[in-house]
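> First the structure, then my questions, so here it is.
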Amino acid sequence: MTTKPAAEICVQATFIQTLKTFPATVHALLFFTLLIRFSYFMTWPFIAVIMTQNYHMTPVSIGMAMTSSALLSVVLGMYGGQLSDRLGRRVILLAGCAFSAVGYATLALATGMGLFIAGLMIIGVCFAWVDPPVRALMSDLLGDKRRRALALQIRYYLINVAAVSGPLVGIAFGLTSQKGTFLITGLSYLPFLVYVLLFIPAGKLLDKPSAHEDASVKFHQIMMVIARDKIYVAALLCSILCTIVYVNYESVIPQYLLLLDADAAVKLITLILVGNAFTVLIAQTFLIRFLAQVSLPKRIFLGGAIFAFSQLCFWATRTPDAWAWLLVTVVFSLGEAILLPNLNILLDQLAPAEHRGAYFGAANLTTLGIATGPLIGGVLLALTGAGVFLATALLSLLLCAIIYVCKAGMQTRLQNL
């Protein structure tokens, strides 16, 4: 059986017709993704500014704090994914939503740096126990690869809608760079918590487990299965590299703009975040059809090449001029619109149904990029200034090299699933 590109769904059926086949729970999960990411984008992209201005933290200390939070997310994400395979998605989602509300409330109410960092640690838990189980639950409910791929594209599109509207609403109400806005983010998880409690059934949704599935398989045994899956590990490494580069856009560039022009930094950060999201929204609309006949590995290679070029453009931009940063952001966003959703689709399609939660939990290793990115970027920014962007360009090229070497094996695996 051959695997058709995910975007061919646009040819086989209209978007609306396919969307109508989604279960109501998938529609709800997409809605709550939009809701919580909307509140997230009102404040989180400015967290480096908050930590700098409120607590006078250096780029290295900011990187260490965010690294610690993300490392916690990596460990708990892998374990939580395997637990969701055994116990069902509901229990992990309930825990994740509850921790989310507590973590963001802690950030909002923190009176000192220690309590603020404790809030970051709690958020490391909530990210690991909300995002992977939601993706796994959507895959459980949709089943076939074409609809799963479309759902992931829609989810990524909605995240960018939130990335556009969140900062704009924050500016309109004077909420950006304000610690108290984290309380709104925490409260946004409560409706999701109620929905999960009332409408997501307990236990496993897949009533007929695969013949290969063994409920007694231990966590370390599942991890060994994943570690021996060389194609999946290669895709996972590409995703980690992508995340390292992407997180520098969110964590290092705000600090770099503070160094260039502290007075204009917040406005510039808002401009490039909104410009990034708008570009991704527009680009994604056309790229799905334009790249429909291109294989997943080739799409990822193209996105990685554009990513590398954008990092060189960031390195060459030494002025706080808004138009210059907006233009470079457009280049970066084109690479993002190709790379991020297609890496998610690749990881989804490579995951076997019987261990989908565990594989998605392992996919949370991409959080290593979130973990190491701010620290690496903060150290390089402190030591080399703009030289940090040369390093991220090299990481983007390494991603391209891995895809080039493994593309034949990936394509064969996708065709045989």
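Any read-out appearing in this document is the output of simple, stated calculations on the displayed coordinates, not a laboratory observation. What you see is a predicted model; the values in this text were computed from it and never measured. Glycine also receives a Cβ, built like all others from the backbone with ideal geometry; neighbour counts cover every protein chain displayed.
> With r as the distance between the Cβ atoms of VAL194 and ALA24 and R0 = 22 Å, compute the FRET efficiency 1/(1 + (r/R0)^6) and round to 0.05.
For ALA24 and VAL194, the calculated efficiency is 0.90.
> Here's another thing I want to ask about it. When Rg is the radius of gyration of the Cα atoms in the range 250-338 and Rh is its Kirkwood radius, what does Rg/Rh come to?
1.03
> May I ask you to compute the full-extension gain from ALA98 to ALA202, defined as 0.36 nm times their residue separation minus their alpha-carbon distance, rounded to one decimal in nm?
Stretched out fully, the ALA98 to ALA202 stretch lengthens by 35.8 nm.
> Dividing the alpha-carbon radius of gyration of the range 114-195 by 2.2 N^0.38 Å (N being the number of residues), what value is obtained?
1.34
> Further question on the same structure: What ranking, highest mean first, results for peptides 108-115, 148-155, 127-134 when packing means the other Cβ atoms within 10 Å averaged over each residue?
127-134, 148-155, 108-115
> Which whole-Hz ³J(HN,Hα) couplings does the range 119-128 yield from phi under the Karplus relation 6.51 cos²θ - 1.76 cosθ + 1.60, θ = phi - 60°, glycine and proline marked x?
My calculation for the range 119-128 gives x, 4, 5, 5, 5, x, 5, 5, 4, 5 Hz in order.
> Something else: Could you run the Karplus curve 6.51 cos²θ - 1.76 cosθ + 1.60 with θ = phi - 60° over the range 369-386 and give me ³J(HN,Hα) per residue in whole Hz, x for Gly and Pro?
So the J values, rounded to whole Hz, are x, 5, 5, 8, x, x, 5, 4, x, x, 5, 5, 5, 5, 8, 10, x, 5.
> Then there is this: So what are the range 296-344's ellipsoid semi-axes, whole angstrom, largest first, if each one is the square root of 5 times an eigenvalue of the alpha-carbon gyration tensor?
24, 10, 6
> How do 233-241, 279-287 rank on mean C-beta neighbours within 10 Å, highest first?
Descending mean neighbour count gives 233-241, 279-287.
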